[in-house]
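Notes to accompany the following structure.
Every number in this text was worked out from the coordinates using simple rules, so none of it is lab data. Keep in mind that what you see is a predicted model, and the values were worked out from it rather than measured. When we count neighbours, we look across all protein chains shown, and the Cβ atoms used for this are built from the backbone with ideal geometry, even at glycine.
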Amino acid sequence: MSAQQEPFDADIVAKARELADRYPQSRSALLPMLHLVQSVQGYVSQEGIAFCAEQLGLSEAEVSAVATFYTMYKRKPCGEHLVSVCTNTLCAALGGDAIYRKLGEHLGEDGKPLGHEETAGTPGERGSVTIEHAECLAACDLAPVLQVNYEYYDNQTPESAVELVDALRRGEKPAPTRGAPLSDFKSVERQLAGFFPEEEDVFRADVDGPSQAVETLRGAQLAADRGWTAPAMADNVPLPELEAK
């Protein structure tokens, strides 16, 4: 193994090959393999780019093009916890911008707020926190929201967000509003790569959690209470004719 690939031991190489074997075209494994790289280093380094390229028979330019396109792949080391604050329209209007600003000020040093994808503490070490702007976390009914390692914390305020990151820095793992129990960034990246514990009880403990909220189901509940139903669709609906070109 070359010096560029030293962080990736035999176990990671085996997992990378397992990913490649899951697809008819091995290059299709690039997205989960980049998550696998992040599970090792906490970001996608140039070493990680080279590793993926070698495993999948791609050029480093091809891997870099993908890694730099998607915001879920980080190009500098993340903290133990990645805090994503939704600052899209509805969350921003309801307080998302204020939450992001407050966290930046709270986590900053020497009067300088922490910025996008910057880390309080030493990246990777216990209690370190990276914050980022996030574009629409798809939870408008529970706005403003943020995520920690992609788990939801709904109906946040600047004060509750500060309490949350302070708990993370103390080494605590407050329960998310919905979703699986909170883990650390690297462990979540291993799951996003497609690798979970083989023991059923351990697997369930890692992934099980509430997946819905009262607000999300309110429309369906109103329809049920009032007897509203959607018109039934006919068994055979003809497709519209397309104009010939």
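A few comments on the model shown:
- Residue by residue, the stretch 29-40 carries 3J(HN,Hα) couplings of 7, 4, 4, x, 5, 5, 5, 4, 4, 5, 5, 8 Hz when phi is fed to the Karplus relation 6.51 cos²θ - 1.76 cosθ + 1.60 (θ = phi - 60°); x denotes Gly or Pro.
- Gain in span if fully extended, ARG170 to GLN25, counting 0.36 nm per residue against the direct Cα distance: 47.7 nm
- Over the stretch 81-191, relative contact order from alpha-carbon pairs under 8 Å, at least 6 apart, %: 30 percent
- For the stretch 80-186, the set of trypsin sites (Lys or Arg not before Pro) satisfying both a DSSP loop assignment and a count of at most 14 other C-beta atoms within 10 Å is given as ARG126, ARG170.
- Taking 4.7 Å between beta carbons as the limit, the unpaired Cys residues of the chain are CYS52, CYS78, CYS136, CYS140.
- Computing semi-axes √(5λ) of the Cα gyration tensor in Å for the structure here picks out one of [x] 33, 29, 19; [y] 27, 23, 21; [z] 37, 19, 14, namely [x].
- Computed label-point distance, nm, for sites HIS106 and ALA213 using a 7 Å Cα→Cβ extension: 1.8 nm
- In order through the stretch 197-202: 3J(HN,Hα) via Karplus (6.51 cos²θ - 1.76 cosθ + 1.60), integer Hz, x for Gly, Pro: x, 7, 6, 4, 5, 5
- If the segment from CYS136 to ALA205 were pulled out straight at 0.36 nm per residue, it would be longer than the present Cα-Cα gap by 22.1 nm.
- Proximity of backbone amide H atoms, modeled 1.01 Å from N, is registered between GLU118 and ILE131 at under 5 Å, excluding neighbours fewer than 5 places apart on the same chain.
- Mean separation of Cα contacts under 8 Å (6+ apart) over length of the chain, as relative contact order %: 17 percent
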